[in-house]
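Everything on this sheet refers to the single structure shown next.
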Amino acid sequence: MDLSIVDLSPVPDDGTASDAYANTVEAAQQAEQLGYSRFWVAEHHGMADSIAGTTPEVLLGHLAAETDSIRLGSGAVLLNHYSPFKVAEQFGVLDALAPGRIDAGLGRANGSPAADRALGTDRHVQNPDTDHAEKIEAVVNHLYDDYLDEHPYSDLQIPRSEAGTPDPWVLGSSPSSAAIAAKLGLPFCFAAFIRPQLATQSFEAYRQQFQPSVLSGGVDEPAGMIAVNAVCAETDDEAARLRAVAEASYKRMQRGVVGTRPSIDEAIDELGRVPEPTPATLDTGEWPRAISGSPETLASLLEQLADRVGVDEMMIQHIHATHDDALRSHELIAEGIGLT
C-alpha cells in the first residue's frame, strides 16, 4: 500500500503562522525520508488564528524548494473561489519549480458568509455540479494546452517545465463529486474524515459512472485514493488517548466551533472519558470518522478500509495536540505499513 499525507498547517499554541509553516516543512521533509508518496496541503479561510493553511499554491512553492522527490499537491485548491485559468497558471509555475512532482487537487467548499464575500464567491450557483465540472475541465485544458484551435483560449499559454504536467485530481466527500470525477475520467480522492458514511457509496458511483477520459490529463480506468484521520502510537490504548483530540474537535465542529484544537487533557475532559481503542477488525459497514492504533493495528485497519473501496493508496489526515505527536504518528504508520 502507498501512503500519503495531507497537512492543514495548524497554528501551535502560543505560536504564529510562521511556526505553522515551519512545522509543515518539517512534516513534508520527514514524509519524504519515510517513503510517503505525496504531501498535500489544504485550503481553509477565516480561521488563521488556528489554521494557517489558506493558500496551497503559495505554500507548495516553498515546499518545492525544501524537498527533493516527494510529490506535492493541493488537498484541495477550492475551485469555486477562483478563475480556472489563474489556477492553471499557479500550478504551471509549481510544475516549473518542481518538475514532474505536482498534483493539482481540485475541490470545492463554502466557508463563512463573510469569507466567501471577501473572496468574491457566489454562494448560490444555479447548477453547482455543472459549474464545478466545467471549471475542473477548464483547468485541465489550460494545464495541457488542450483547447481546440477555434477556441478563444487556444492561444493562452501557461508556464511549465519539460518534465511533465501536473496530475489533476478531483477531491470531494460526496457521490456527486465522485460522479464528476467519473464523467471527466479523472482520478478521485475521497475525504473520509469529513463524511465516512459516504465513502463506499461514493466509490461505487465513481466506478459505475466512470468514462475513459477524452482529456489529456485524464485516465483510462478508475484511479482512486481515500483520506482518513488516523492516529498511531506504540500501543492501541495510547493511540486511543491521542485520538481524543480528533474526537473532541469533531464534537466542537458539531456545536459550530470550527478550527479549534484542544489539548489531550482538555479533549478527554470534554468527552468525559478516554476513547475506546479502535477495534482491530471493523464490522461490515463500520467506518469511524477517526481511527487509531499501534503500528500493527493501524496497518490492518488501513488495509481493511482500502479493500472496501478498492484503492491501493491511503492519505493520512491528522488532528494532533502537538506537532511532535503528529510526526511520531507518521513515523509509526510508515513502520506499520512497511514503507521504505
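The values are calculated or read from the model by the stated rules, or taken from the named source; none is laboratory data. Source: prediction; values computed, not measured. Neighbour counts are summed over all protein chains in view; Cβ atoms, including those assigned to glycine, are modelled from backbone coordinates with ideal geometry. When the accessible area is computed, the model is the full protein with side chains, heavy atoms only, and any ligands, DNA or RNA have been set aside. Shrake-Rupley method; radii C 1.70, N 1.55, O 1.52, S 1.80 Å.
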Residue-averaged 222 nm ellipticity for the chain, from DSSP H runs of 4+ at -39500 (n - 2.57), nearest 500: -13500 deg cm²/dmol
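Nearest-5 percent of antiparallel DSSP beta bridges in the chain?
Working: 1 of 36 bridges.
If I count the DSSP bridges inside the chain, around 5 percent turn out antiparallel.
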May I ask for log10 I(q)/I(0) of the range 150-229 at q = 0.11, 0.19, 0.23, 0.25 Å⁻¹, from a Debye sum over the Cα atoms as equal point scatterers with solvent left out? -0.35, -0.79, -0.97, -1.06
Please list, by residue number, everything in the range 41-57 whose backbone N is under 19 Å from a paramagnetic label point 7 Å out along Cα→Cβ of Lys86. 42-47, 53-57
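For the chain, what is the charge dipole size about the Cα centre, in debye to the nearest 20, if Lys and Arg each add +1 at the Cβ and Asp and Glu each add -1 at the Cβ? Could the numbers behind the result be given before it?
On the way: 22 positive and 52 negative charges, 193 e Å.
My answer is approximately 920 debye.
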Would you please put 60-68, 296-304, 142-150 in order of how densely packed they are, using the mean number of other Cβ atoms within 10 angstrom per residue and starting with the highest? 296-304, 60-68, 142-150
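How much net charge surrounds Arg108 when only the other residues with a Cβ under 15 Å from the Cβ of Arg108 are counted, with Lys and Arg +1 and Asp and Glu -1?
Values: positive: Arg123, Lys135, Arg195; negative: Glu43, Asp116, Asp122, Asp129, Asp131, Glu134, Glu137.
Computed value for this residue: -4.
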Accessible area per residue for the chain in Å², computed with a 1.4 Å probe and the full protein assembly in place, what is it? 44 Å²
Translational diffusion of the range 95-218, µm² s⁻¹ [Kirkwood Rh, Cα pairs; Stokes-Einstein; 25 °C; 0.890 mPa s]: 155 µm²/s
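Order these peptides, 306-319, 199-212, by their mean beta-carbon neighbour count within 10 angstrom, highest first.
Working: 306-319: 19.8, 199-212: 17.9.
Ranking, from highest mean packing down: 306-319, 199-212.
When you have a sec, figure out the Kirkwood radius of the range 185-328 from all distinct Cα pair distances and drop it here in Å to one decimal? Write down the numbers at each step before the final one.
Numbers: mean 1/r = 0.0617 Å⁻¹.
Every distinct Cα pair counted, the radius reaches 16.2 Å.
What is the range 22-127's relative contact order, in percent, from Cα pairs under 8 angstrom and six or more apart in sequence? Please list the in-between numbers first.
Numbers: 142 pairs, mean separation 28.0, N = 106.
Dividing the mean separation by the residue count of the range 22-127 yields 26 percent.
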Dividing the mean separation of Cα pairs under 8 Å (6+ apart) by the residue count of the range 46-196 yields a relative contact order in percent of 25 percent
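Would you tally the net charge around Arg123, using a Cβ to Cβ cut-off of less than 10 Å, leaving Arg123 out, and scoring K and R as +1, D and E as -1?
On the way: positive: Arg117; negative: Asp116, Asp122.
Charge balance in the 10 Å sphere: -1.
Within the range 219-294, list the trypsin sites (Lys or Arg not before Pro) lying in a DSSP loop whose Cβ has at most 13 other Cβ atoms in a 10 Å radius.
On the way: sites: Arg241, Arg243, Lys251, Arg252, Arg255, Arg273, Arg289; in loops: Arg255, Arg273, Arg289.
Answer in residue order: Arg255, Arg273.
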Taking the Cα atoms of the range 102-151, what is the range of coordinates along each of the three principal axes, in descending order and whole Å? 40, 28, 18
For the chain the mean separation of alpha carbon contacts under 8 Å (6+ apart) over residue count, i.e. relative contact order in percent, is 17 percent
Give me the orientation-averaged projected area of the Cα convex hull of the chain, in nm², one decimal. 16.7 nm²
Sum of side-chain charges, Phe210 neighbourhood, beta-carbon under 12 Å (Lys, Arg +1; Asp, Glu -1): -1
